[in-house]
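Data block below; observations after.
The values are calculated or read from the model by the stated rules, or taken from the named source; none is laboratory data. Computed from a predicted model, the values in this text were never measured in an experiment. Every residue, glycine among them, receives a Cβ derived from its backbone with ideal geometry; neighbour counts consider all protein chains shown.
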Amino acid sequence: QWSRVLERLKTECEEGVFNSWFKPLALVNVDEGCAVMAAPTRFMRNWLQSNYAERIRQAWSKENPDVTDISIIVLSGFKSAEPQGTLLDNDEQDEARPSASERKQTAAGRKPKASGETRVVQNNSGTEFGAPLDPRFTFDSFVVGKSNELAYAAARRVAENTAVHFNPLFLHGGVGLGKTHLMHAIAWANKQMFPERRVLYLSAEQFMYQFISSIRFKDTMSFKQKFRSVDLLMIDDLQFIANKESTQEEFFHTFNALIDHHHQVVISADRSPTDLEGIEERIRSRLGWGLVADIHPTDYELRLGILQQKANSVPEVEIQTEVLEFLAKRITSNVRELEGALNRMVAHATLIGRPITMEMTQEVLQDLLRANDRRVTIDEIQRRVADYFNIRLSDLLSSRRARQVARPRQIAMYLAKEMTSKSLPEIGRKFGGRDHTTVMHAVKRIDELRQTDSVLEEDILHLERIFST
Ligand code: ADP
Ligand code: MG
């Protein structure tokens, strides 16, 4: 059967694509309508997942209509084209797991399955139920910067202590900034340090789904019991239960019961408790009783740090530093996109067997770069900077040399150079017809000052943040 799926894929795509991506795959097993396949490297798995998952699924369902879902895991050191079912049955060999010692502790934690599904996991500490944890999301792989240091420190505190310091911990921030990553990291670390603790992680959507099915199957008692017996409950993306009244009601009771018994609760959402529209007032107010940690949009340094870490994890591909700097500067939307961009570059480089250069980057990422173009105009920069420093726009554009207008003017020129694709002469013209050497001087001056003047550095970071959101 697997060989027929492979045959089908082979006829459907180019030989190069087939040999690079599909041929190295091996079948692990087919279980409850889910075909589990193994790829030899994490990189291949990610690439297949994001580019060929649907095609593989279709090939499967044509050969075997029972298969409705597929899943790809990482398994190093195997030979491909093995016969069905002989590869492995437990996932202890999954190299994507955090570390050998952690792997022991969490051996029962995860069996390959389609993501987003809830299920029951047995381990030696009893019964758990919840969503699968991503083995890549650990504290080790989380890069800390100004924008997320509070959330990170709080998450570590929760993971490494059984005493409750703040309850709940409420993490909030925009899409793709690491909330889910931190929650999984808490779960992994906690399982490692306190294997007997019952940790439950699930999305608010899954919470609702479980609650509703407990009503349908007239089993709300065991639902309540299950949720109230955990030591650490983490619910991701709470905004999902906005306007879902009965689910909120149940959540509120679960939440109170755990907090009253000093069991830790961690909640994430895409906005702060007070801004959670559609969530009952009494819940919103209780959510703010513990620690509320905001994850801000990333800054350049953090983005570069994240890219460097990811680049180090694929030592087989050479990536010029210049490329990483370029990506960190240009892809500001969120970390997920940043990773996506790097993955695409790595895939490209692997296929054509050349190191990643600037030229290749610009070519391969054309669409992404365009989408991320902040499209900030010089007018907007001038307006914002004048606002920020509380000076008049006309003064900013005038020839006045008083320091309280000259410095903001230089900053505005600097930002115009950084954030738009305008040339120095064009920028000069926009600033009351100044010469391009004046602009160049301003850019150099601010660049230098950023190194030594921390107040100015703060101002610039703040302004950059305004423009990148
Ligand atoms: P959210 O849940 O806030 O939408 P995720 O936790 O899913 O975001 O993060 C999106 C992706 O970005 C994940 O692959 C995650 O590993 C990565 N990521 C986000 N922040 C960081 C960070 N500080 N260091 C390393 N990876 C990060
Ligand atoms: Mg998330």
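Worth pointing out:
- Number of residues in the range 21-50 that are within 27 Å of the chain's Cα centre (by Cα) and either surrounded by 15 or more Cβ atoms within 10 Å (Cβ to Cβ) or in a strand (DSSP E or B) (or both) equals 19.
- The residues on offer are ILE279, ILE306, ILE241, and the sole one that is surrounded by 14 or more Cβ atoms within 10 Å (Cβ to Cβ) and outside the structural domain of ILE186 (by TED's automatic domain parsing) is ILE306.
- Enumeration of residues in the range 202-235 that are within 16 Å of ligand 1 (Cβ to nearest atom) and surrounded by fewer than 23 Cβ atoms within 10 Å (Cβ to Cβ): LEU202, SER203, ALA204, GLU205, GLN206
- Any hit, the range 389-406, residues being of a type in the set (Val, Ile, Thr) and under 25 Å from GLU322 (Cα atoms): no
- Yes/no for THR162 being at pLDDT below 95 and touching a strand residue (DSSP E or B) at 6+ places or on another chain (Cβ under 7 Å): no
- Within the range 148-178, tally of residues that are in contact with an Asp or Glu (Cβ under 7 Å, 6 or more places away or on another chain) and buried (at least 21 other Cβ atoms within 10 Å of the Cβ): 2
- Evaluating TRP289 against the criteria (1) under 30 Å from ARG197 (Cα atoms); (2) among the hydrophobic types (A, V, I, L, M, F, W, C); (3) touching a Leu at 6+ places or on another chain (Cβ under 6 Å) leaves one unmet condition, (3).
- Some residue of the range 190-199 being over 25 Å from ILE70 (Cα atoms), at pLDDT 95 or above and not charged (D, E, K, R): no
- Residue match in the range 376-384 (condition: surrounded by fewer than 20 Cβ atoms within 10 Å (Cβ to Cβ), closer than 27 Å to GLU339 by Cβ and in contact with a helix residue (DSSP H, G or I) (Cβ under 6 Å, 6 or more places away or on another chain)): yes
- Of the residues in the range 328-350, none is modelled with pLDDT under 90, β-branched (Val, Ile, Thr), outside any loop (DSSP other than H, G, I, E, B) and exposed (fewer than 13 other Cβ atoms within 10 Å of the Cβ).
- Scanning the range 431-449 turns up at least one residue that is among the acidic types (Asp, Glu), over 19 Å from PHE326 (Cβ atoms) and either touching a helix residue (DSSP H, G or I) at 6+ places or on another chain (Cβ under 8 Å) or crowded, with 19+ Cβ neighbours inside 10 Å (or both).
- Of the residues making up the range 177-210, those that are in contact with a Ser or Thr (Cβ under 8 Å, 6 or more places away or on another chain), in a helix (DSSP H, G or I) and of a type in the set (D, E, K, R) are LYS179, LYS191.
- Checking each residue in the range 181-196 for being more than 16 Å from ligand 1 (Cβ to nearest atom) and surrounded by 21 or more Cβ atoms within 10 Å (Cβ to Cβ) picks out ASN190, LYS191.
The rows are residues; the columns are (1) within 17 Å of the chain's Cα centre (by Cα); (2) not hydrophobic (A, V, I, L, M, F, W, C).
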{"position": "ASN161", "(1), (2)": "no, yes"}
{"position": "ASN167", "(1), (2)": "no, yes"}
{"position": "GLY173", "(1), (2)": "yes, yes"}
{"position": "LEU177", "(1), (2)": "yes, no"}
{"position": "ALA185", "(1), (2)": "yes, no"}
{"position": "ASN190", "(1), (2)": "no, yes"}
{"position": "PRO195", "(1), (2)": "no, yes"}
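- For the range 255-264, the criterion of being on the phi < 0 side of the Ramachandran plot, away from ligand 2 (no atom under 16 Å from the Cβ), among the aromatic types (Phe, Trp, Tyr) and outside any loop (DSSP other than H, G, I, E, B) is met by at least one residue.
- Residue match in the range 256-269 (condition: of a type in the set (S, T, N, Q) and within 25 Å of ILE460 (Cα to Cα)): no
- Taking residues in the range 131-142 that are in the same structural domain as ARG156 (by TED's automatic domain parsing), and partners anywhere that are part of a loop (DSSP other than H, G, I, E, B) and within 10 Å of ligand 1 (Cβ to nearest atom), the pairs with Cβ atoms closer than 9 Å and at least 6 places apart or on different chains are PHE137/GLY178; PHE142/ASN148; PHE142/GLY178.
- Residue within the range 302-321 that is at pLDDT 90 or above, closer than 18 Å to MET419 by Cβ and basic (Lys, Arg) present: yes
- When residues in the range 333-363 are screened for being among the hydroxyl-bearing types (Ser, Thr, Tyr) and without any contact (Cβ under 8 Å) to a residue 60 or more places away in the chain, 2 of them pass.
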